[in-house]
Amino acid sequence: VQLQASGGGLVQAGGSLRLSCAVSGRTFSRYIMGWFRQAPGKEREFVAAISWSGALTDYADSVKGRFTMSRDNAKNTVALQMNSLKPEDTAVYYCAADRSDWVRRVQSAYDYWGQGTQVTVSS
């Protein structure tokens, strides 16, 4: 399984970006998908996760109400719509896939990781 994240860039505070993650493999619809981020000098942290069907989502408190995660099982992709961006959202964003049945925030639960895409929010 390979994950390819894209869509990062430089944006002003208050702006929006949409990240995408393309996943190879025929069993994409059976993966829980997650987004994580790592800011300079900080540990990687949970951002959002979504269930197989997309019916269940979970968000970190810091992004709730601003970020929306979605998936398209026909296209093997997940997206993270990021609105009202803040300078503290600056980080490398990673998508990840979990073969379990549960939406979880723990990084160790995720089996596959993408390479990351840089998001920079200027003040």
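The values are calculated or read from the model by the stated rules, or taken from the named source; none is laboratory data. Only a predicted model underlies this, so the values are computations on that prediction, with no experimental measurement involved. Quick reminder, even Gly has a Cβ in these numbers, built from the backbone with ideal geometry, and neighbours come from all protein chains shown. Each accessible area value is taken on the protein alone, full model and side chains, heavy atoms only, with ligands, DNA and RNA left out. Shrake-Rupley method; radii C 1.70, N 1.55, O 1.52, S 1.80 Å.
I want to check the label-to-label distance for Ser29 and Arg105. Put each point 7 Å from Cα in the C-beta direction and report it in nm to one decimal.
3.0
Under 24 Å Cα to Cα from Lys86, which lysines show up? Leave out anything in the same chain fewer than 8 places away.
By straight Cα distance, Lys86 reaches Lys42, Lys64.
When the chain is fully extended, how far beyond the present Cα-Cα distance does Ser53 get from Asn73, taking 0.36 nm per residue of separation?
Values: separation 20, 0.36 × 20 = 7.20 nm, distance 0.80 nm.
Difference between extended and current length: 6.4 nm.
Mind checking segment 1-67 for chymotrypsin sites (Phe, Trp or Tyr not before Pro) that DSSP puts in a loop (not H, G, I, E or B) and that have at most 16 other Cβ atoms within 10 Å? Numbers along the way, then the final one.
Details: sites: Phe28, Tyr31, Trp35, Phe36, Phe46, Trp52, Tyr59, Phe67; in loops: Tyr31, Trp52.
Passing sites in segment 1-67 are Trp52.
May I ask you to compute the full-extension gain from Gln2 to Ala60, defined as 0.36 nm times their residue separation minus their alpha-carbon distance, rounded to one decimal in nm?
On the way: separation 58, 0.36 × 58 = 20.88 nm, distance 2.48 nm.
Gain in length upon complete extension: 18.4 nm.
What's the percent breakdown of Cα-Cα distances in segment 1-67 across 5 Å bins, shortest bin first?
That works out to 3, 13, 19, 27, 21, 10, 5, 1, in percent per bin.
Give me the Kirkwood hydrodynamic radius of segment 31-105, using the inverse of the mean 1/r over all pairs of distinct Cα atoms, in Å to one decimal. Please list the in-between numbers first.
On the way: mean 1/r = 0.0791 Å⁻¹.
Result for segment 31-105 stands at 12.6 Å.
Which trypsin sites (Lys or Arg not before Pro) in segment 30-112 pass both tests, a DSSP loop state and at most 14 other beta-carbon atoms within 10 Å? Numbers along the way, then the final one.
On the way: sites: Arg30, Arg37, Lys42, Arg44, Lys64, Arg66, Arg71, Lys75, Arg99, Arg104, Arg105; in loops: Lys42, Arg44, Lys64, Arg66, Lys75, Arg99, Arg104, Arg105.
Taking segment 30-112 and a limit of 14 other Cβ atoms within 10 Å, the loop trypsin sites (Lys or Arg not before Pro) found are Lys42, Lys64, Lys75, Arg99.
Heavy atoms of the protein only, probe of 1.4 Å, neighbouring chains included. What is the accessible area of Asp101 in Å², nearest 10?
Near enough 90 Å² of accessible area.
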